[in-house]
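Have a look at the structure below before the remarks.
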Amino acid sequence: MKSLKKIKVSLVIVALIITSGFSTAAEPKIEFSGFARAVVGHLNDDNLVFLGYDEGYSFSEQSLFAFRADASITDKISVIGQALVHSSDVRESGIQWLYLDYRPTQDWSFKLGRQRIPFFTYSDVIDVGFAYPWITPPIQVYANYLFSEFDGAMGRYDFSTKSVSGSLEAYVGQYKGPIVQSGQRLDADIEYVAGLYSKLNYKNFTFSAAYHEGKVKVDIPEFKEFQDLLRMFNFITTANELGINNRARFIKLGVSYNSFDYFIESEFSKITSGSAFIPKVNAGYLTLGYNLYPFTLHATIAHSDAGYSEPVNEVPLGLNPILDQVHLGFEAIFMSLPIDSLTSLTIGSRYDWKQNIAFKAEVSFLKGENNKRAFFTVGDPTIEEREAVLFQLAAEWVF
Amino acid sequence: MKSLIRQPINKLLLFYMLTLPALANASLLVVANVDKPISLSKSEVKAIFMGGATSYDLNAVALTAENKTRAMFNARIIGMTESRIQSYWAQMRFSGRQKPPREFDNEEQLINYLVKHKGAVAYVSSDVELKAGIVILYRSED
């Protein structure tokens with residue numbers, strides 16, 4: 001919260017400094033907008049929970065409301081803030097965006113402040129259900145980022161020629177706050193995060209490519225004592241494996257095709273890191289959609305393949321029983337890390353009732369790797385099967 | 001009650017009977033208030049009205065979603081249905097990238113706005129009377 005206060009104060013100061021350097025006839029004005037979604041879901045399995053959905057019918061996993069204010073200071077400078085209230089206990093409510101927007105020309109734009117990271121096509125608007133065809137975007141791609149916000153600067157350049165158009169975004173920043181890692185909320189210090197996101201439109205095709213890199217530092221409190229023990233025996237590298245202090249890299253490639261009758265969307269991502277705690281993930285999806293205005297029908301195949309790198313275990317085995325226990329205890333920690341390998345087929349429909357209100361229905365057939373987590377929360381671990389069907393209905397609203 | 005239900009259906013039929021043949025034959029023009037003549041490609045027109053950049057200093061204005069010329073523009077130039085376009089603008093707005101063009105109810109209002117604003121660009125049907133100072137940048141005969 002402290003860092004957010006700092007941002008607010010900094011933004012006001014920067015806005016005042018910049019505006020003092022411009023003479024403008026434009027009247028300051030404030031625009032308000034927002035979005036909301038109500039989602040109900042049900043999973044047909046009594047042992048598994050997926051995205052918080054179980055055999056019951058839950059409204060509280062993905063329903064939310066957000067409010068956005070856009071204050072134009074001059075015709076080129078504005079301050080934007082967006083706050084969100086989420087119904088889920090896992091997601092944090094609060095300020096998602098708070099930044100100064102500066103557009104010196106039609107081609108260039110800059111943002112300074114708290115923003116969301118554009119890892120994938122819909123990452124920065126993942127809460128705006130109206131913006132995409134599904135109720136839940138393919139989880140294999142969209143659930144795998146560790147953190148979603150950063151405090152920093154972003155520049156964007158738009159270009160257009162006779163036959164192609166596109167944009168290039170570059171950002172750099174940092175983030176201090178909670179992240180979700182292996183289903184656990186941990187306090188993280190992202191020393192830096194930086195990335196490039198490019199998009200090229202040619203005829204009905206859109207090609208996109210992105211690279212993101214971040215230095216993640218996380219202390220995992222439950223391993224503190226074990227780490228101290230390893231350090232006492234001078235197994236420093238092994239002790240360090242029990243915390244996260246590494247770079248994580250994200251690469252994504254995407255192709256989409258839009259015509260009046262149908263559309264194709266696809267994205268493929270690769271996550272790598274130097275930490276034995278951060279999963280290496282290859283994931284992707286392919287969506288085929290048919291436009292029957294005001295209806296849209298779509299089908300998506302998605303897949304993720306996850307795994308971990310081998311941690312360095314310096315503790316020798318077979319020398320004495322205590323060291324054997326330490327060795328095996330260390331191995332056990334990494335053996336128990338969750339593996340989210342999942343294949344899914346989602347079939348859905350969307351009905352655009354009004355220009356700003358849409359209703360959606362969706363069914364997802366989920367098949368995870370047996371005996372692994374596969375994005376599920378498992379009730380009875382002795383039941384190995386990771387297969388279920390998720391039913392969802394949603395109302396999406398933007399204003 | 002019956003007549004109340006039948007009335008809007010009849011109106012709708014009448015609307016399509018009258019407008020569809022006209023739509024099929026009409027040209028679509030992209031016009032602007034500019035000093036020098038400019039010739040735009042279809043890709044450039046699409047970029048301008050979808051929030052992209054241009055090498056010309058042009059500011060797009062558009063028609064509201066219910067307008068038949070907008071429907072024709074969506075089909076011929078953008079190549080997306082109205083609902084896909086609305087989704088696209090939701091993504092652009094709430095990611096802070098772009099805002100949709102300012103919208104007007106009819107083409108007469110658009111032309112009046114263009115006359116008063118240098119650099120403003122809009123799409124209109126070829127049936128619409130262009131005023132002095134408004135230049136055609138692109139013509140779609142599809």
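Could you tell me how many of the residues in region A:61-93 are in contact with a strand residue (DSSP E or B) (Cβ under 9 Å, 6 or more places away or on another chain), part of a loop (DSSP other than H, G, I, E, B) and not charged (D, E, K, R)?
So the answer is 7.
Residue A:156: open to solvent by 10 Å² or more (accessible area, probe 1.4 Å), within 14 Å of chain B (Cβ to nearest Cβ) and either free of Cβ contacts under 8 Å to residues at least 60 places away in the same chain or within 30 Å of residue A:308 (Cβ to Cβ) (or both), yes or no?
yes
Does at least one position in region A:162-172 carry a residue that is more than 12 Å from chain B (Cβ to nearest Cβ), assigned to a strand (DSSP E or B) and open to solvent by 40 Å² or more (accessible area, probe 1.4 Å)?
Yes - at least one qualifying residue is present in region A:162-172.
Between a residue in region B:79-98 that is at the interface with chain A (Cβ under 7 Å from one of its Cβ atoms) and of a type in the set (Gly, Ala, Ser) and any residue that is surrounded by fewer than 21 Cβ atoms within 10 Å (Cβ to Cβ) and part of a loop (DSSP other than H, G, I, E, B), which pairs come within a Cβ distance under 8 Å, given they are 6 or more apart or on different chains?
As it stands, the answer is B:79/A:204; B:79/A:259; B:79/A:260; B:83/A:293; B:83/A:294, since those pairs meet every condition given.
Only one of these is in contact with a strand residue (DSSP E or B) (Cβ under 8 Å, 6 or more places away or on another chain) and open to solvent by less than 70 Å² (accessible area, probe 1.4 Å): A:287, A:237. Name it.
The unique qualifying residue is A:287.
Mind counting the residues in region A:368-388 that are closer than 21 Å to residue A:57 by Cα and free of Cβ contacts under 8 Å to residues at least 12 places away in the same chain?
Total satisfying the criteria: 0.
Check whether at least one residue in region A:261-270 is touching a helix residue (DSSP H, G or I) at 6+ places or on another chain (Cβ under 8 Å), open to solvent by 10 Å² or more (accessible area, probe 1.4 Å) and within 14 Å of chain B (Cβ to nearest Cβ), and report yes or no.
Looking for residues that are touching a helix residue (DSSP H, G or I) at 6+ places or on another chain (Cβ under 8 Å), open to solvent by 10 Å² or more (accessible area, probe 1.4 Å) and within 14 Å of chain B (Cβ to nearest Cβ), one finds none in region A:261-270, hence no.
Which condition does residue A:351 not pass, out of (1) open to solvent by less than 70 Å² (accessible area, probe 1.4 Å); (2) part of a strand (DSSP E or B), if it passes all the others?
Just one mismatch for residue A:351, condition (1).
Which one is nearest to residue A:249 (Cα to Cα), of the residues in region A:113-141 that are within 10 Å of another protein chain (Cβ to nearest Cβ) and part of a strand (DSSP E or B)?
Filtering first and then ranking leaves A:116.
Test each condition in (1) at the interface with another protein chain (Cβ under 10 Å from one of its Cβ atoms); (2) surrounded by 18 or more Cβ atoms within 10 Å (Cβ to Cβ) for residue B:111 and report the one that comes out false.
Unmet for residue B:111, out of (1) at the interface with another protein chain (Cβ under 10 Å from one of its Cβ atoms); (2) surrounded by 18 or more Cβ atoms within 10 Å (Cβ to Cβ): (1).
For residue A:150, only one of the following conditions fails: (1) buried (at least 22 other Cβ atoms within 10 Å of the Cβ); (2) facing chain B (nearest Cβ under 7 Å); (3) in a strand (DSSP E or B). What is its number?
Residue A:150 satisfies every listed condition except (2).
Pairs under 6 Å by beta carbon, first residue farther than 15 Å from residue B:36 by Cα in region B:103-121, partner in a helix (DSSP H, G or I), six or more apart or different chains?
Matching pairs, first to second residue: B:104/B:110.
Scan region A:273-280 and give yes if some residue there is farther than 30 Å from residue A:322 by Cβ, surrounded by fewer than 20 Cβ atoms within 10 Å (Cβ to Cβ) and within 20 Å of the chain's Cα centre (by Cα), otherwise no.
yes
If we scan region A:101-112, do we find a residue that is part of a loop (DSSP other than H, G, I, E, B), farther than 24 Å from residue B:48 by Cα and open to solvent by less than 40 Å² (accessible area, probe 1.4 Å)?
no
Select, from A:365, A:391, A:359, the only residue that is outside any loop (DSSP other than H, G, I, E, B), within 24 Å of residue A:66 (Cβ to Cβ) and either within 23 Å of the chain's Cα centre (by Cα) or without any contact (Cβ under 8 Å) to a residue 40 or more places away in the chain (or both).
Of the residues listed, the single one that is outside any loop (DSSP other than H, G, I, E, B), within 24 Å of residue A:66 (Cβ to Cβ) and either within 23 Å of the chain's Cα centre (by Cα) or without any contact (Cβ under 8 Å) to a residue 40 or more places away in the chain (or both) is A:359.
Look at residue A:160 and say whether it is at pLDDT below 95 and closer than 19 Å to residue B:92 by Cβ.
Criteria met by residue A:160.
Return the total of residues in region A:325-348 being part of a loop (DSSP other than H, G, I, E, B), of a type outside the set (Ser, Thr, Tyr) and open to solvent by 60 Å² or more (accessible area, probe 1.4 Å).
0
Filter region A:341-371 down to residues that are within 14 Å of chain B (Cβ to nearest Cβ) and under 17 Å from residue A:292 (Cα atoms), then give me how many there are.
12
Kindly provide the set of residues from region A:291-322 that are touching a residue at least 40 places away in the same chain (Cβ under 8 Å), surrounded by fewer than 17 Cβ atoms within 10 Å (Cβ to Cβ) and not in a loop (DSSP other than H, G, I, E, B), ordered by number.
Correct list: A:295, A:297, A:299, A:301.
Please determine whether any residue of region A:242-257 is touching a strand residue (DSSP E or B) at 6+ places or on another chain (Cβ under 9 Å), within 14 Å of chain B (Cβ to nearest Cβ) and surrounded by fewer than 20 Cβ atoms within 10 Å (Cβ to Cβ).
Yes: one or more hits.
For region B:59-76, give me each residue that is within 11 Å of chain A (Cβ to nearest Cβ) and surrounded by fewer than 21 Cβ atoms within 10 Å (Cβ to Cβ).
B:59, B:64, B:65, B:66, B:71, B:74, B:75, B:76, listed by residue number.
Hey, can you tell me all the residues within region B:90-102 that are touching a Lys or Arg at 6+ places or on another chain (Cβ under 9 Å), surrounded by 14 or more Cβ atoms within 10 Å (Cβ to Cβ) and within 30 Å of residue B:132 (Cα to Cα)?
B:100
The values are calculated or read from the model by the stated rules, or taken from the named source; none is laboratory data. These numbers were taken from a predicted model, which means no experiment stands behind them. Heads up, the Cβs are rebuilt from the backbone with ideal geometry, glycines too, and the neighbour counts pull from every protein chain shown. Ligands, DNA and RNA are excluded from the accessible area calculation, which covers all protein heavy atoms including side chains. Shrake-Rupley method; radii C 1.70, N 1.55, O 1.52, S 1.80 Å.
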